[in-house]
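See below for the structure under consideration.
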Amino acid sequence: MVRDGGILVVDVGTTKICALIGEERDGKLWVTGMGVSPALGLKRGGVVNIEEATQSIKNAVERAKTQAKVMPNLVFTSIAGSHIKIQSGMGVVALREKEVTPQDVEEVLNSAQLVDISQDKILLHVIPQEFVVDQTKGITQPVGMTGIRLEAHVLLITAQRSHVQNLLRCFENIGYEVDGVIFQGLASAEAVLTPEEKDLGVLLIDFGGGTSDLVVYKDGVLRFAGSVPVGGELLTGDLAVCLRTTKAEAERLKIEKGVCLRELVGEEEFIEVPGIGNRPSRSINKKILAEILEERVRELLVLIDAEIKNFPKTYLTSGVVLTGGSVLLPGLIYLCDQILDLPARIGYPERLSGLTEEIYHPRYSTAVGMLLYAYQNYAQSMQKRSKKEGWWRKLKQFLKI
Ligand SMILES: Nc1ncnc2c1ncn2[C@@H]1O[C@H](COP(=O)(O)OP(=O)(O)OP(=O)(O)O)[C@@H](O)[C@H]1O
Ligand SMILES: [Mg+2]
């Protein structure tokens, strides 16, 4: 029998689509369905072929639904890529009751979104940075405070409008209305960062297949979001070219033998590299493989260092958390320490019940984080779709997309 209810999240990555279904049981979120399919029609986080992407999404969703035997009430998808931008906003309201009410907070956050966002962009998230009540700054929870004026400073995360529209078209094609689009970096952070790390200051890097998404937290609040167009596919492409082999063999060699630090390889270690077509395979020193990967990873970390240049290293007291499929390359933690000058750890997705073994891999952090994010923000609408009044729905109506 198919039950009604639950949340469906679909992480649309460059290399794989991961659909998860989450249901509430005894006040906890359980993963009851999972479907993963190779991502076709996607490049660096964006849809480049709607038909292929639609089919890949459909495959993953069908698998998750069959396993969970659930007809989901809410549907969320994800987006990433270098078109993700941040900008700041500020809003002010006069307090009617001389005491801040939840309604005042909603109003001031709404007014903070009314900044100039260019026509080709769409607003994904509004992240409060601080509230000011009269002259008192640095407030995180203003409700109940006394004053006559409430000010909100926010960070707005935007995406390229056409990217979002193409993504939503894929869901429309399979008969799903999407309730929200979540920035992948923000979702991954929900799954792998601890409250202490967010509080002390931390950089999250989601090193995936097509993009590396970045998020910075400090004092428990998101302070920066960005994306660098470098991921594991570029590493595989480099290996294929430099070692003169197919992409499939390069991918296999990377996963089975890859390290991104030449010091980790002994002088006498050799690997077999199959030739293209029926050319003979060659035996090469594994150091060559390590050197190619190390160069690319160094380049990526230098780009990331430039992206976070406004944050002094002392600001990121906790260091770096690495997640996404590409972080399993041995040597990465050492390179982070060397180039970013920050201590790193690998982040595995936690905090959920149900299919915990299946989802315990850095490549599923985004999907798990999406469930957590959607559950935190939309739990009350899980059962009653008609009552749903999310910002995304309102925005969609307003923007007619
Ligand atoms: N053991 C491993 N060592 C090195 N790389 C790996 C390993 N396992 C997976 N990868 C790489 O991880 C990448 C996929 O990661 P992930 O699933 O996080 O990406 P994605 O979500 O599809 O893409 P993106 O988030 O960038 O759009 C691939 O490029 C793959 O080669
Ligand atoms: Mg990803």
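The values are calculated or read from the model by the stated rules, or taken from the named source; none is laboratory data. A quick note: this is a predicted structure, and the numbers were derived from the prediction, not measured. Here the Cβ positions follow ideal geometry from the backbone for every residue, glycine too, while neighbour counts run over all protein chains shown.
Here the stretch 70-84 is the region considered, the condition is being among the aliphatic types (A, V, I, L, M) and within 13 Å of Val47 (Cα to Cα), and the residue that is farthest from ligand 1 (Cβ to nearest atom) is Ile79. Among residues of the stretch 353-367 that are more than 9 Å from ligand 2 (Cβ to nearest atom), those with a Cβ under 7 angstrom from a residue that is among the polar types (S, T, N, Q), sequence gap 6+ or separate chain, pair up as Gly354/Thr32; Pro362/Thr323.
Give the residue that is farthest from ligand 2 (Cβ to nearest atom), with candidates limited to residues of the stretch 47-68 that are within 24 Å of Asp206 (Cα to Cα) and small (Gly, Ala, Ser). Checked the stretch 47-68; the qualifying residue farthest from ligand 2 (Cβ to nearest atom) is Ala64. Within the span defined as the stretch 185-202, every residue fails to be in contact (Cβ under 8 Å) with a residue 60 or more places away in the chain and either touching a Cys at 6+ places or on another chain (Cβ under 9 Å) or within 18 Å of Ala39 (Cα to Cα) (or both). Find the residue count for the stretch 222-243, including only residues that are more than 16 Å from ligand 2 (Cβ to nearest atom), of a type in the set (A, V, I, L, M) and touching a residue at least 60 places away in the same chain (Cβ under 8 Å). Residues in the stretch 222-243 being more than 16 Å from ligand 2 (Cβ to nearest atom), of a type in the set (A, V, I, L, M) and touching a residue at least 60 places away in the same chain (Cβ under 8 Å): 1 in total. One residue stands out among those in the stretch 316-353 that are in contact with a Gly (Cβ under 7 Å, 6 or more places away or on another chain) and in a strand (DSSP E or B): the one that is farthest from Ala290 (Cα to Cα), which is Val321.
Taking the conditions exactly as written (within 16 Å of ligand 1 (Cβ to nearest atom), over 21 Å from Ala19 (Cα atoms) and not polar (S, T, N, Q)), does Leu193 satisfy them or not? No, not satisfied. Say whether the condition of being outside the structural domain of Leu40 (by TED's automatic domain parsing) and part of a strand (DSSP E or B) is met by at least one residue in the stretch 245-262. Checked the stretch 245-262: no residue is outside the structural domain of Leu40 (by TED's automatic domain parsing) and part of a strand (DSSP E or B).
Just one residue in the set Ile182, Ile205 is surrounded by 24 or more Cβ atoms within 10 Å (Cβ to Cβ), under 23 Å from Leu293 (Cβ atoms) and in contact with a Ser or Thr (Cβ under 8 Å, 6 or more places away or on another chain); that residue is Ile205. The residue of the stretch 256-291 that is surrounded by the fewest Cβ atoms within 10 Å (Cβ to Cβ), among those that are within 25 Å of Arg363 (Cβ to Cβ) and touching a residue at least 40 places away in the same chain (Cβ under 8 Å), is Leu264. Only residues that are away from ligand 1 (no atom under 16 Å from the Cβ), more than 16 Å from Asn173 (Cα to Cα) and not hydrophobic (A, V, I, L, M, F, W, C) were counted in the stretch 15-59, giving 9. Close Cβ contacts (under 6 Å, 6 or more residues apart or on different chains) running from residues in the stretch 203-221 that are within 12 Å of ligand 1 (Cβ to nearest atom) to residues that are basic (Lys, Arg) comprise Gly210/Arg44; Thr211/Arg44.
Table: residues versus (1) modelled with pLDDT of 95 or more; (2) more than 16 Å from ligand 2 (Cβ to nearest atom); (3) surrounded by fewer than 17 Cβ atoms within 10 Å (Cβ to Cβ); (4) under 18 Å from Leu352 (Cβ atoms).
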site: Val2; (1), (2), (3), (4): no, yes, yes, no
site: Gly35; (1), (2), (3), (4): yes, no, no, yes
site: Gly45; (1), (2), (3), (4): no, no, no, no
site: Thr77; (1), (2), (3), (4): yes, no, no, no
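From the list Tyr378, Tyr334, the lone residue that is at pLDDT 95 or above and either within 28 Å of Asp305 (Cβ to Cβ) or not aliphatic (A, V, I, L, M) (or both) is Tyr334.
Matching residues to (1) at pLDDT below 95; (2) of a type in the set (Phe, Trp, Tyr); (3) over 27 Å from Glu350 (Cβ atoms):
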residue: Phe171; (1), (2), (3): no, yes, yes
residue: Val181; (1), (2), (3): no, no, no
residue: Ala187; (1), (2), (3): no, no, no
residue: Thr194; (1), (2), (3): no, no, no
residue: Asp199; (1), (2), (3): no, no, no
residue: Phe224; (1), (2), (3): no, yes, no
residue: Val241; (1), (2), (3): no, no, yes
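Of the conditions (1) closer than 23 Å to Arg223 by Cα; (2) part of a loop (DSSP other than H, G, I, E, B), Glu268 clears all except one; give me its number. Unmet for Glu268, out of (1) closer than 23 Å to Arg223 by Cα; (2) part of a loop (DSSP other than H, G, I, E, B): (1). Residue pairs whose Cβ atoms lie under 6 Å apart, separated by 6 or more positions or on different chains, with the first residue in the stretch 121-146 and within 27 Å of Ile84 (Cβ to Cβ) and in contact (Cβ under 8 Å) with a residue 60 or more places away in the chain and the second surrounded by 13 or more Cβ atoms within 10 Å (Cβ to Cβ) and of a type in the set (D, E, K, R), are Ile122/Arg161. I want to confirm something. Restricting to the stretch 209-255 and keeping residues that are crowded, with 16+ Cβ neighbours inside 10 Å and of a type in the set (Val, Ile, Thr), which single residue is farthest from Thr140 (Cα to Cα)? Taking the candidates together, the pick is Thr245.
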